[in-house]
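The values are calculated or read from the model by the stated rules, or taken from the named source; none is laboratory data. As the structure is a computational prediction, the values presented were derived from the model and not from experiment. Cβ atoms come from the backbone with ideal geometry, glycine included; neighbour counts cover every protein chain shown. Quick note on the areas: whole protein, heavy atoms, side chains included, nothing else; ligands and nucleic acids left out. Shrake-Rupley method; radii C 1.70, N 1.55, O 1.52, S 1.80 Å.
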Amino acid sequence: MIDIKSLRENPQRYIDGAAEKNISVDITTLLDLDEQRRLFTRQREEHRAEQKRISKEIGPQIGKLKSQLKSANEEETLQIESQLVELEAKPIALKTEIQRLDESISTIDPQWKELLLQIPQPADEDVPKGNSSDDNVELRTWEPAGFDLSKSFKENRGFEPKSHLELVSELGLADFERGVKVAGTRHYMLTGNGMRLHQAALRFAFDLIVDSYNFTPTSVPMIIREESMVGTGFFPTGRSEAYHIEESKRGSGHDLFLAGTGEVGLMGMYGDEILDEEQLPIKMATVSTCFRREAGAAGRDTAGLYRIHQFDKVEQVVICKSDEEESRHWHKEMIVIAENILVQLGIPYRLLQCCTADLGAKNADMIDIECWMPGRGELDADGKPSGAWGETHSASRLYDYQCRRLNMRYRDADGNTIFAHSLNNTVLASPRILIPLLEMHQQQDGSVSIPECLQQYMNGLTVLEPTHASSV
RNA sequence: GGACAGGUGGCCGAGCGGCUGAAGGCACCGGUUUGCUAAACCGGCGUACUGGUUAUACCGGUACCGCGGGUUCGAAUCCCGCCCUGUCCGCCA
């Protein structure tokens with residue numbers, strides 16, 4: 001959520017910011033509503049103050065008269081009642097007026113709030129302007145020794161690469177048909193060494209960020225209340241992307257939603273709290289299952305492990321002081337961690353500076369990491385894939401946008417309460433990461449070598465052999 | 001799922017129609033005293049919005065005693081709905 005005061009002072013900044021992000025939101029209407037809301041609220045407060053003042057003044061008199069009523073004769077009763085009517089006339093008039101203002105405010109308020117939640121955080125000055133993900137800017141690439149990204153896989157390795165679909169099938173690592181049988185489209189079941197490799201990759205990433213980078217290991221709920229989804233900025237905009245559990249339809253309770261990322265639980269953890277400055281930065285890592293409806297992605301990436309409804313992800317989050325320099329510092333650090341993992345996995349990658357259009361509402365800046373996936377991309381004349389970059393990581397820098405929504409603050413040395421800054425980045429998401437992992441480490445004989453860093457998590461296994469395939 | 005009990009400031013805990021933003025205590029901060037620490041004493045100590053003004057300094061107003069609604073001239077206090085927590089029973093990894 002943006003700061004409404006900042007919007008009042010400089011609406012153009014937010015109008016331009018939304019336009020650059022290709023997000024349409026009615027800022028003019030919001031400002032109108034805001035104006036009305038403030039006016040009515042101020043009037044209400046004035047009336048209320050008057051009401052309290054009067055009430056204090058005449059309250060005791062009313063009380064006394066009412067107790068006199070009980071022992072009064074007929075004539076006295078009439079007299080007392082007329083006194084009461086007189087005394088109560090003013091506060092009753094105020095009360096009516098206050099109720100009228102309350103109604104106006106309660107009509108405006110939901111619209112005001114709904115709009116405010118939708119105003120995107122303007123992108124930073126140094127974020128390139130663009131219209132689509134085509135305008136993202138490549139910052140740098142990395143390739144393992146012996147692999148030249150300017151050449152094809154075949155030129156590098158001397159044989160045509162198989163796609164992860166073929167590898168998975170030949171090595172018996174996943175069963176798509178049965179996944180779909182059990183759970184429907186875009187579902188899968190990892191089998192045998194596929195499940196093992198998946199767990200190994202997650203465990204490797206989790207251990208690395210916890211042991212080498214001192215992130216606090218934390219578990220998160222994956223079934224989430226609406227407040228946390230709004231607080232972390234996934235709602236209202238991303239509502240259609242989340243699975244909805246309609247508990248309210250079963251009687252009591254509130255609805256719940258399946259989290260699309262561990263970020264929701266991690267960030268929600270300190271919502272509505274005032275932290276001590278000394279507690280910052282808070283660095284947390286989790287591994288959790290992520291659920292995505294993939295609404296609007298119909299027909300895209302329908303085969304394989306790329307775009308699926310359920311996956312597991314090691315996620316990193318940093319909550320730090322409200323300081324741009326520090327935020328930027330952590331952003332870089334978090335990206336380095338992801339890079340370290342990809343280097344150890346021996347997967348070529350590139351860093352992409354996302355342009356304004358690709359940022360989403362909550363980010364001021366976002367760096368994606370894409371891995372080289374030889375089995376993806378356009379098919380050539382022989383039906384062979386040319387390889388393509390595929391997104392595996394996304395590092396966001398949000399200033400206080402998220403903490404403001406979550407009402408997460410800290411107290412600084414001067415005793416002020418300040419909204420913290422937050423950042424998040426993927427550490428490793430699997431099974432998507434298995435795509436480049438398998439495709440890059442495949443060998444001419446159809447086997448796949450296991451990167452050294454994963455072997456200890458595979459009981460020392462160094463290679464996946466097609467002969468072991470369970471082609472059942 | 002059934003039966004009770006309860007939700008008040010950072011924590012404990014009083015209040016149960018107006019004098020309560022809320023007693024008292026603990027914790028915390030500042031000061032006095034003190035060889036140091038401790039103790040004692042004095043003072044301070046919530047958040048948000050809003051007005052005086054342009055500012056996190058000062059003064060005023062409003063809101064907040066789980067959440068939402070109602071009764072009342074006036075609600076932490078009365079009524080209704082919901083949420084949450086605890087205990088016991090049932091079920092269960």
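Exactly one residue out of A:Leu94, A:Leu84, A:Leu101, A:Leu173 is open to solvent by less than 50 Å² (accessible area, probe 1.4 Å) and in contact with a strand residue (DSSP E or B) (Cβ under 7 Å, 6 or more places away or on another chain), and it is A:Leu173. Among the residues of region A:109-142, just one is surrounded by 17 or more Cβ atoms within 10 Å (Cβ to Cβ) and more than 26 Å from A:Leu30 (Cβ to Cβ), namely A:Asn136.
Once region A:176-192 is narrowed to residues that are open to solvent by less than 50 Å² (accessible area, probe 1.4 Å), of a type outside the set (Phe, Trp, Tyr) and out of contact with any helix residue (DSSP H, G or I) (no Cβ under 7 Å at 6 or more places or on another chain), the residue that is farthest from A:Arg307 (Cα to Cα) is A:Thr191. One residue alone among A:Ile2, A:Ile15 is within 30 Å of A:Asp135 (Cα to Cα), out of contact with any strand residue (DSSP E or B) (no Cβ under 9 Å at 6 or more places or on another chain) and free of Cβ contacts under 8 Å to residues at least 24 places away in the same chain, and that residue is A:Ile15. Taken over region A:370-383, the criterion of being open to solvent by 10 Å² or more (accessible area, probe 1.4 Å) and in contact with a Leu (Cβ under 8 Å, 6 or more places away or on another chain) is satisfied by A:Glu370, A:Trp372, A:Gly375.
Yes/no matrix, rows are residues, columns are (1) in a strand (DSSP E or B); (2) hydroxyl-bearing (Ser, Thr, Tyr); (3) within 16 Å of RNA strand B (Cβ to nearest atom):
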position	(1), (2), (3)
A:Tyr410	yes, yes, yes
A:Ala413	no, no, yes
A:Thr426	yes, yes, no
A:Arg432	no, no, no
A:Leu438	no, no, no
A:Gly446	no, no, no
A:Gln456	no, no, no
A:Leu461	no, no, no
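The requirement of being within 16 Å of RNA strand B (Cβ to nearest atom) and surrounded by fewer than 18 Cβ atoms within 10 Å (Cβ to Cβ) is fulfilled nowhere in region A:384-404; no residue meets it. Please specify each residue of region A:60-106 satisfying the condition of being of a type in the set (Val, Ile, Thr) and more than 12 Å from RNA strand B (Cβ to nearest atom). Of everything in region A:60-106, those that are of a type in the set (Val, Ile, Thr) and more than 12 Å from RNA strand B (Cβ to nearest atom) turn out to be A:Thr77, A:Ile80. If the condition is being more than 24 Å from A:Ser106 (Cβ to Cβ), loosely packed, with under 13 Cβ neighbours inside 10 Å and within 15 Å of RNA strand B (Cβ to nearest atom), then region A:14-58 contributes A:Arg53, A:Lys56, A:Glu57.
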